[in-house]
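Step one of this worksheet: look at the structure below.
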Amino acid sequence: MQQSTPYLLFRGITMTFPGVKALSDISFDCYPGQIHALMGENGAGKSTLLKILSGNYIPTAGHLQIGGQQMAFANTMEALNAGVAIIYQGAASDPGDDRRRKYLSRSAAAQRRHRQSLAAQL
């Protein structure tokens, strides 16, 4: 059941870079209790929109509201202080990934010695 007031609201968001219009008049609402997804081809503007939400970019036009209040973040710290942060996917989110990367980067001989050492400890 949709509530009458969106928690996150984008209105007329436009973002231009020199020679490129990355976003053009983007508007949509996100309601509490719902799952939302941004989908599109590479270069469609998904990351640009999230960077506006998180204070990395200031939109050329338009505004956003969070919890009924209009917000305009000048930087990521302002967004973070308002409770907005973007957590990007990637290796840094998995603590075990560093161990795997180090293991895979070793030479075959070093990997073999490491496995033998582990086996000897059993």
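The values are calculated or read from the model by the stated rules, or taken from the named source; none is laboratory data. Because the structure is predicted, anything quoted here is derived from the model rather than measured. For neighbour counting, all protein chains shown are included, and Cβ atoms are generated from backbone atoms with ideal geometry for every residue, glycine included.
Residues that are surrounded by fewer than 14 Cβ atoms within 10 Å (Cβ to Cβ), at pLDDT 90 or above and among the basic types (Lys, Arg): which helices (runs of 4 or more DSSP H) entirely in the stretch 14-122 hold 3 or more of them? Can you show your working first?
Working: elements: 46-53, 76-81, 95-105, 108-121.
Correct list: empty, since no element meets the threshold.
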Checklist outcome for this item: Listed by first then second residue, the pairs whose first member lies in the stretch 28-41 and is closer than 16 Å to Ile86 by Cα, whose partner is charged (D, E, K, R) and not in a loop (DSSP other than H, G, I, E, B), with beta carbons under 6 Å and at least 6 positions apart or on separate chains, are Leu38/Lys46
